[in-house]
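Inspection log for the structure reproduced underneath, given as structure tokens.
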Amino acid sequence: MTTRYRVEYALKTHRRDQLIEWIKGLLAVPFVLHSQPTAVFEPRGESVDHMAATAQRRYAEIMKDIEELINDHIAHQKAGTHDRSKLKLLVPSVATFFTPLMLHDAFIWQDQRRFISYRRFVPPSFNDIRLILNTAQVMSLVRGGPLELVTFDGDVTLYDDGQSLTADNPVIPRILRLMRGGSKIGIITAAGYAEARRYYERLHGLLDALHASNLPVALKQNLVVLGGESNYCFKFAGDSPDLLKLVPRKEWLLDEMLLWEESDITELLDIAEASLRDTVNNMRLAATIVRKERAVGIIPQDGHKFSRESLEETVLIAQKILEMSPVGRRLPFCAFNGGNDVFVDIGDKSWGVLACQRFFGGIEGGKTLHVGDQFLSAGANDFKARLACTTAWIANPAETVQLLDEIAELDEMQQRKTR
Ligand code: IMP
Ligand code: MG
């Protein structure tokens, strides 16, 4: 998991989100030309409202242009030439867009809430653009028809790092609202356990509320938990003491996952464990190695806090070694920094999302939204979900609540329009 600080830290490292950085660069031009920092001590001259209106118009025009570049990229995707789009030349790391992004309208929406155009000293920031992209994505999903599947990461997305989803969590009524509207819900967490009880302990607030709600039984079935990225699947079961029931692997594994050999899984975890052990020794980390059926990780010894640098170093070494090993090319894995632990899991969240989509009868990527906090390209585990569906990058659980409120507001606007 990442803290809000760590999301902002993305500004300061080589590990940046290239699309966001590129948009930031484009918006810096109208900021330089239209912001009026001297107006603070020279009150005569243009009014702040006039300045903001001009800046807003110019920012919004740029967002419209980017929206069109993305549409062009999507046209290339459909023609099988996505690597030749103009956007791909400008931002080589862009991959697949599952839907267009309503960037113009999303900018206006966020500007009305964040007063970006009114700012005279602080240009459009990483977080401004991250939130505009989230809004643009949900606008497009809501306008494009019902949102069929919403998947959530656990730590930092639904509850604070290392905590549980308790009964007072404001996300609960919002998730129930989505379910009432017919959306399916997946909780896709790295936390990997084979027993339902462990997930009940983490998620009891939501599970109890769903159980007690007056939702029709058929809709209550629309919640699954995918644990260990994509290793354990549980479905809601009102009659079981933990309100969750393990779904046997043969009922939900994708065909490609059936090809993952046990011997490869052991080999990959052995290499990962050796790498972790090595780093722990070299960096004198006060760490305990945890080996599981489908994961290996380091956790701190009693109350110790690892430095961010140690965590990142440990992840990057394990990732590099695994990438270079033959088994690492055969088998998907995910090495990530969990805030105060490091784990290497078999599989990743793209498989977790794909498994949810299949479990619910074959939902498309363009009808699925994954909400998570870890979207840096290295050492982060929500990033891979981008291969399977649209995504929203939040920085803390309060932002998840805000995003779900945005979806509700947009839903209502959409329904009023179609009535
Ligand atoms: P997430 O943010 O919901 O994906 O949860 C990630 C956290 O789950 C990690 O930071 C660990 O603290 C915890 N965890 C427990 N078991 C596992 C495991 O088997 N693999 C990865 N993370 C685990
Ligand atoms: Mg997380």
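Every number here is computed from the coordinates shown, using simple stated rules; none is lab data. Please read these numbers as outputs of a predicted model, since none were measured by experiment. Because the Cβ atoms are built from the backbone with ideal geometry, glycine has one as well, and the counts that use them run over all protein chains shown.
Based on the mean of other Cβ atoms within 10 Å per residue, sort peptides 63-73, 237-247, 364-374 so the most packed one is first.
Details: 63-73: 17.8, 237-247: 16.1, 364-374: 23.9.
Averaged packing, sorted descending, gives the order 364-374, 63-73, 237-247.
Binning at 5 Å from 0, report for region 108-159 what percent of all alpha-carbon pair distances ends up in each bin.
Here the calculated profile for region 108-159 is 4, 15, 19, 19, 18, 14, 7, 2, 0.
Which Cα, out of 246, 414, 388, lies furthest along the positive dipole direction of the chain (beta carbon charges, K/R +1, D/E -1)?
Looking along the dipole axis, the top candidate is 414.
Could you give the spread of the C-alpha atoms of region 1-159 along their three principal axes, from largest to smallest, in whole angstroms?
55, 39, 35
Choose one of 27, 286, 39: the residue whose Cα lies farthest towards the positive end of the charge dipole of the chain (beta-carbon charges +1 Lys, Arg; -1 Asp, Glu; about the Cα centre).
Sorting the options by dipole projection puts first 39.
Gaussian network model of the chain, Cα springs within a sub-10 Å range: biggest mean-square fluctuation belongs to which of 198, 84, 143?
Largest GNM mean-square fluctuation: 84.
Rounded to the nearest 0.05, what FRET efficiency is calculated for residue 201 and residue 122 with R0 set to 41 Å and r the Cβ-Cβ distance? Walk me through the intermediate numbers first.
Values: r = 42 Å, r/R0 = 1.03.
About 0.45, to the nearest 0.05.
For the chain, what is the mean residue ellipticity at 222 nm derived from helices alone (per DSSP H run of n ≥ 4: -39500 (n - 2.57); sum divided by total residues; nearest 500 deg cm²/dmol)? Let's see the in-between values first.
Values: 16 runs with 205 residues, N = 419.
Mean residue ellipticity at 222 nm (helix-derived): -15500 deg cm²/dmol.
Take the Cα atoms of region 66-189, find their three principal axes, and give me the spread along each one in whole Å, biggest first.
Result for region 66-189: principal-axis Cα extents of 49, 42, 28 Å.
Would you mind ranking 59, 193 by Cβ crowding within 10 Å, fewest neighbours first?
Details: 59 25, 193 18.
Final ranking by Cβ density, sparse to dense: 193, 59.
Take the Cβ-Cβ distance between residue 167 and residue 240 as r, set R0 to 22 Å, and report the resulting FRET efficiency rounded to the nearest 0.05.
Details: r = 19 Å, r/R0 = 0.87.
Given R0 = 22 Å and the Cβ-Cβ separation, E is 0.70.
Anything over 18 Å Cα to Cα? Flag those among 220/245; 220/384; 24/64; 86/349; 292/384; 305/384, in the order listed.
Numbers: 220/245 13 Å; 220/384 28 Å; 24/64 14 Å; 86/349 29 Å; 292/384 22 Å; 305/384 27 Å.
Where the Cα-Cα span goes over 18 Å, the pairs concerned are 220/384; 86/349; 292/384; 305/384.
Consider just the alpha-carbon atoms of the chain and return their Rg together with their Dmax, both in angstrom.
Here Rg and the maximum Cα pair distance are 22.3, 75 Å.
Any idea how far apart residue 50 and residue 83 come out in nm if each label point goes 7 Å out from Cα toward Cβ?
Calculated label separation equals 5.3 nm.
Suppose we look only past 19 Å in the calculated P(r) of region 287-356. What percent of the Cα-Cα pairs does that tail hold?
Values: 899 of 2415 pairs.
Taking all Cα-Cα pairs of region 287-356, the fraction more than 19 Å apart is 37 percent.
Could you please tell me the mean projected area of the C-alpha convex hull for region 196-277, averaged over all directions and given in square nanometres to one decimal? It would help to have the intermediate numbers written out before the result.
Numbers: hull surface 28.2 nm².
Reported value for the Cα convex hull: 7.1 nm².
Can you compute 3J(HN,Hα) from phi for each residue in region 335-351, using the Karplus curve 6.51 cos²θ - 1.76 cosθ + 1.60 with θ = phi - 60°, rounded to whole Hz and x for Gly and Pro?
Per-residue couplings from phi come out as 9, 8, 8, x, x, 9, 7, 10, 10, 10, 10, 6, x, 7, 6, 5, 6 Hz.
Seen from all sides and averaged, what is the projected area of the convex hull of the Cα atoms in region 257-412, in nm²?
On the way: hull surface 42.6 nm².
The Cα convex hull of region 257-412, projected and averaged over all directions, gives 10.7 nm².
Before anything else, pin down the relative contact order of region 92-207: Cα pairs under 8 Å, at least 6 apart, normalised by residue count, whole percent.
Details: 98 pairs, mean separation 29.5, N = 116.
It comes to 25 percent, rounded to a whole number.
So the label point goes 7 Å from the Cα of residue 61 along Cα→C-beta, right? Which residues of region 114-135 then have their backbone N under 19 Å from it?
From region 114-135, the list is 116-119, 124.
More than 16 Å apart: what percent of Cα pairs in region 342-419 qualify?
Numbers: 1788 of 3003 pairs.
That fraction is 60 percent.
Assuming a ≥ b ≥ c are the square roots of the Cα gyration tensor eigenvalues, decide whether region 290-330 counts as rounded (a/c under 1.5), prolate (otherwise, with a/b larger than b/c) or oblate.
Working: a/c = 5.26, a/b = 1.59, b/c = 3.32.
Oblate.
If you consider only alpha-carbon coordinates, what radius of gyration and Dmax does region 55-139 have, in Å?
Final numbers for Rg and Dmax: 13.7, 43 Å.
Hey, if you put +1 on the Cβ of every Lys and Arg and -1 on every Asp and Glu Cβ in the chain, which of 357, 131, 332 ends up farthest toward the positive end of that dipole?
So the residue furthest toward the plus end is 131.
Pairs of Cα atoms under 8 Å, at least six residues apart: use those to get the relative contact order of the chain, whole percent. It would help to have the intermediate numbers written out before the result.
Values: 692 pairs, mean separation 77.6, N = 419.
With pairs under 8 Å counted, the relative contact order is 19 percent.
Fewest to most neighbouring Cβ within 10 Å: what's the order for 304, 204? It would help to have the intermediate numbers written out before the result.
Working: 304 12, 204 17.
Fewest to most other Cβ atoms nearby, the residues stand as 304, 204.
Quantify how much of the Cα-Cα distance distribution of region 178-314 extends past 21 Å, in percent.
On the way: 5090 of 9316 pairs.
Pairs farther apart than 21 Å: 55 percent.
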